[in-house]
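Colleague: Please see the structure below; I have some questions.
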Amino acid sequence: MSERTPMIEMRNVSKHFGSVIALSDISMQVQAGEVMCLLGDNGAGKSTLIKTLSGVHRPTEGELLLNGESVRFKSPAYALDAGIATVFQDLAMIPLMSITRNFFMGREPTVGWGPLKRIDWKRADRIAMQEMSRIGIDVRDPSQPVGTLSGGERQCVAIARAVYFGARVLILDEPTSALGVKQASVVLRYIAKARSDGLAVIFITHNVHHAYPVADAFTLLKRGGSLGTFRKEEISREEVLNMMAGGAELESLDAELAEFQQSDRQQQQSSGANAPSLSQAPST
Ligand SMILES: Nc1ncnc2c1ncn2[C@@H]1O[C@H](COP(=O)(O)OP(=O)(O)O)[C@@H](O)[C@H]1O
Ligand SMILES: [Mg+2]
């Protein structure tokens, strides 16, 4: 394995909620410039894991390391200051407020001093537009309400914001699950871009077609425990599918559908085989 210091690491982390053991003895490492995909059924502990990394929960046991240094976050704001940006599924955005407003969320650049200090909207708008166009989204009007953007574009505002404010670790909890194919591909492309910019990315999804193309490694959780981390070279798309929530069900559904198709085809063939005899019928 690599000798590099991981950008983010969990060492023997457990998280208990009273008598519920949501995470038990999890160790996981993600390097800079790498995408780690977290897999596991509902209730496996995926959200608890990322909430522990992003300062929402404190680990009951174990240690978090950021770039080799032991860290303990009192709140998500501390994790964000340290460079761990998390995009939760229920995005913290205000639909009626502008793209610029949502991009800066209270961290707008200012001009002036003392009582004359005010937000530099021109500059704020320019930065927001620039950062959005860097990820391939052309915003015509940055004062446009965020609610008028598509779901994928809104996810991208959240990701662009994280990158702009210097995130080193980007955590995404099912960012593509509510999106159509085209919108999801925008988000996936941006995940790939964050990786090539050198961020460590942790990505939760239930969709193997979203996970497999962008992931470098997969960590599988089951009932709060880790079944291990697998490098992409070691594992096929089918194996990943089997590890995902509902993977087994999807596979048997696939098999059923294939059977239907086959019997359809057989029916067509046999009716096709009858056709010549039918067309011959009048001549006899
Ligand atoms: N705040 C909490 N209090 C008590 N139990 C919790 C809390 N958060 C999560 N859990 C429990 O921890 C387990 C893992 O949940 P979660 O991390 O949300 O799973 P996943 O995201 O993989 O679906 C579940 O059994 C869940 O009920
Ligand atoms: Mg979850």
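Colleague: Loop only per DSSP, at most 10 neighbouring Cβ atoms within 10 Å: give me the chymotrypsin sites (Phe, Trp or Tyr not before Pro) in region 88-154, ordered by residue number.
Modeller: The qualifying sites are W113.
Colleague: Normalise the Debye intensity by I(0) for region 62-202, one equal point scatterer per Cα, no solvent, then take log10 at q = 0.21 Å⁻¹ and round to two decimals.
Modeller: Calculated log10 I(q)/I(0) at the listed q: -1.33.
Colleague: Next question. Helix-derived [θ] at 222 nm for the chain: sum -39500 (n - 2.57) over DSSP H runs of at least 4, divide by residue count, nearest 500?
Modeller: Helix-only estimate at 222 nm: -12500 deg cm²/dmol.
Colleague: Same structure, new question: Find how much the distance from R140 to E256 grows on full extension, using 0.36 nm per residue of separation minus their present alpha carbon separation; answer in nm with one decimal.
Modeller: So the extension gain works out to 37.0 nm.
Colleague: So, in nm, how far is label T148 from label S263 when the simple model puts each one 7 Å beyond its Cα toward the Cβ?
Modeller: 5.2 nm
Colleague: Of K51/K122; K193/K232; K193/K222; K15/K232; K46/K232, which pairs sit farther than 26 Å apart, going by alpha carbon to alpha carbon?
Modeller: From K51/K122; K193/K232; K193/K222; K15/K232; K46/K232, over 26 Å: K51/K122; K193/K222; K15/K232.
Colleague: Right, something else. Please compute the Kirkwood hydrodynamic radius over region 1-119, one decimal place, Å, based on all pairs of different Cα atoms.
Modeller: When all Cα pairs of region 1-119 are included, the Kirkwood radius is 16.6 Å.
Colleague: Still on this structure, please answer the following. Find the relative contact order for region 1-141 and round it to a whole percent, using C-alpha pairs within less than 8 Å whose residues are 6+ positions apart.
Modeller: Relative contact order, region 1-141: 18 percent.
Colleague: Between N67 and V20, 0.36 nm times their residue separation minus their Cα-Cα distance comes to what?
Modeller: 13.9 nm
Colleague: Each residue of region 145-157 in order: what ³J(HN,Hα) in whole Hz does its phi give by Karplus 6.51 cos²θ - 1.76 cosθ + 1.60, θ = phi - 60°, with x for Gly and Pro?
Modeller: Here the 3J(HN,Hα) series is x, 4, x, 8, 7, 6, x, x, 5, 5, 4, 5, 4 Hz.
Colleague: If you don't mind, there's one more thing I want to ask. Over 25 Å apart: what share of the alpha carbon pairs of the chain falls there, rounded to a whole percent?
Modeller: Summing the P(r) of the chain above 25 Å gives 55 percent of all pairs.
Colleague: What is the gain in length, in nm to one decimal, between D120 and N12 on full extension, counting 0.36 nm per residue of separation less the C-alpha to C-alpha distance?
Modeller: 34.3 nm
Colleague: Net charge near S196, counting Lys/Arg +1 and Asp/Glu -1 over other residues with Cβ under 15 Å of its Cβ?
Modeller: Result for the local shell: +2.
Colleague: Hey, another quick one. With equal scatterers on the alpha carbons only and no solvent term, can you work out the Debye log10 of I(q)/I(0) for region 95-161 at 0.15, 0.21 1/Å?
Modeller: Cα-only, vacuum Debye calculation for region 95-161: -0.44, -0.79.
Colleague: Here's something else I'd like to know. For I26, I94, what's the fewest-to-most ordering of other Cβ within 10 Å of each Cβ?
Modeller: The most exposed by this proxy come first: I94, I26.
Laboratory data are not the source of any read-out in this text; all were calculated from the coordinates shown. From a predicted model like this one, the values you see are computed outputs, not experimental measurements. All Cβ positions, even for glycine, are placed from backbone atoms using ideal geometry, and neighbour counts span all protein chains on display.
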